[in-house]
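Nothing in this text is a laboratory measurement; each read-out follows from the coordinates by a stated rule. Source: prediction; values computed, not measured. Because the Cβ atoms are built from the backbone with ideal geometry, glycine has one as well, and the counts that use them run over all protein chains shown.
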Amino acid sequence: MSRLIHKKSTALFNKAKRIIPGGVNSPVRAFRAVGGNPIFIESAKGSKIYDVDGNAYIDYVLSWGPMILGHSHPAVVRALQKACEKGTSYGAPTPLEVELAGMIRRAYPSMEIVRMVNSGTEATMSAIRVARGFTGRDKVIKFEGCYHGHADGLLVKAGSGAATFGVPDSPGVPKDYAKNTITLPYNDLKAVKNVLEKNAKDIACIILEPVVGNIGCVLPKPGFLEGLRRLTKKYEVILIFDEVMTGFRVSYGGAQKAYRIKPDMTCLGKVIGGGLPVGAYGGRQDIMKMVSPDGPVYQAGTLSGNPLAMTAGIETLKIISKPATYKQLMLKSQALEEALKDAARRAGIKTKFYRAGSMFCTYFTDTEVVDYATAKKADAQKFAQFFGKMLDRGINLAPSQFEAGFMSLAHSGSDINKTARAAYETFKEI
Ligand code: KE4
């Protein structure tokens, strides 16, 4: 039984369920994986979010990654207020999108040309279309557990002949779409080699999360990313890093900088919009020359590059681009890792904690998690109990064992200590 009062959240949820699918505008928010009702948020500031019943939580969801400065950062709020007074959208080019594209290119030199869109889904969907247009090939390789947004061709699970055809992972996805997606186990370079040896001439691209944030937090095995780069070069298959989540999180230059791999294309989102709707894709000049109006591959968007998202993104990157500031984020993330590992050790509970920069995850398992199959072995029920008790102690974690948590610059040492104390007490109880 929750110690906190959730009367208003519950009433709102009951009303929302009558007029919004599942009462939410994105499925994971409905708490289906952890039980109970979602809390409805009234406001947020710094490392805290406040629900409609007045309860405060230290927030490690941070809007699923974007709020790397913490919520309502004064510089971002002030810049947005000024931007609003100048108009909120023009449907015409502005200096802001040129500025943000320049900041992205400096941080991601592999992105020689950058196109702004409005979500990570649009970024990956568009990048794949461009890769298909550039190569003239239809098939795509993705990895089990990697999530790249909800475009039809990516809602595909491994088919019966896993290394051949995909099958829809959702009603509404035509079989014809799914059959062009080949889904392989993450970290399995041999499986990739086998497929490319047989099918390279049909394969446009390989898309992956270089660190997987959508099955918790799963790191690439040594040599996996290097192997993918070598094989894709050999077979002239486009290598797409989906850094929507890892971008600016694993390092300021993303996973590609941290692991020193130069992909052909990259997708970004989340952090570059500072909490406003955004996405971006880009890559090699010869590939991006395919994109309309330069080239024949069509892609467009009413609000692409809109001045508000550009403003919030620019202000966010201005702050985290300072090495001393970025180091603070890494130190906070490391402090949290050490505190949570220590709490589990003292409580005598077996967990595996993985972290890549400022994204992380605790699995309730004693086996290493290297892919979707091993992640599924973790005790999701125990995670659900952990989640509920931590929420009750004022700590807001991602409501699923198969999601990552995030650190912000606003989280203080006392936030981390409070989180560790709550984790110790909760570990002892479950
Ligand atoms: P959006 O379309 O949600 O902006 O981005 C899709 C996407 C693409 N690629 C990666 C690696 C992603 O993690 C995401 C979206 N991440 C989820 C969190 N697992 C967003 C939360 C949600 O779906 O509500």
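Evaluate region 167-182: report whether one residue or more is within 14 Å of the ligand (Cβ to nearest atom) and surrounded by fewer than 20 Cβ atoms within 10 Å (Cβ to Cβ). First the steps, then the outcome.
Step one: list which residues in region 167-182 are within 14 Å of the ligand (Cβ to nearest atom), which gives 170.
Applying the additional criterion that residues be surrounded by fewer than 20 Cβ atoms within 10 Å (Cβ to Cβ) yields 170.
So far as region 167-182 goes, yes, one or more of its residues are within 14 Å of the ligand (Cβ to nearest atom) and surrounded by fewer than 20 Cβ atoms within 10 Å (Cβ to Cβ).
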- Any idea which residue in region 50-106 is nearest to the ligand (Cβ to nearest atom), counting only those that are within 14 Å of residue 317 (Cα to Cα) and acidic (Asp, Glu)? 97
- Within region 31-49, can you find the residues that are within 15 Å of the ligand (Cβ to nearest atom) and surrounded by fewer than 19 Cβ atoms within 10 Å (Cβ to Cβ)? 32, 33, 41
- Task: Could you tell me whether any residue of region 213-227 is farther than 25 Å from residue 334 by Cβ, free of Cβ contacts under 8 Å to residues at least 60 places away in the same chain, surrounded by fewer than 19 Cβ atoms within 10 Å (Cβ to Cβ) and touching a Gly at 6+ places or on another chain (Cβ under 8 Å)?
- Result: no
- Message: Which of the numbered conditions does residue 74 fail, given that it passes all the others? Conditions: (1) under 26 Å from residue 250 (Cβ atoms); (2) out of contact with any helix residue (DSSP H, G or I) (no Cβ under 7 Å at 6 or more places or on another chain).
- Response: (1)
- Having 2 or more residues that are more than 27 Å from residue 271 (Cβ to Cβ) and in contact (Cβ under 8 Å) with a residue 24 or more places away in the chain is the bar; report the helices (runs of 4 or more DSSP H) wholly within region 317-430 that clear it. 323-347, 380-392, 413-429
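Could you pull out every one of the helices (runs of 4 or more DSSP H) wholly within region 204-301 that has 3 or more residues that are within 16 Å of the ligand (Cβ to nearest atom)? Even if it seems obvious, please write down each step before you answer.
Working: elements: 224-234, 254-258, 285-288.
By residue number, 254-258.
Filter region 107-133 for residues that are part of a strand (DSSP E or B) and more than 16 Å from the ligand (Cβ to nearest atom) and give the result. Give the steps one after another, and end with the answer.
Quick first cut of region 107-133, residues part of a strand (DSSP E or B) only: 113-117.
Within region 107-133, 113, 114 meet the criteria.
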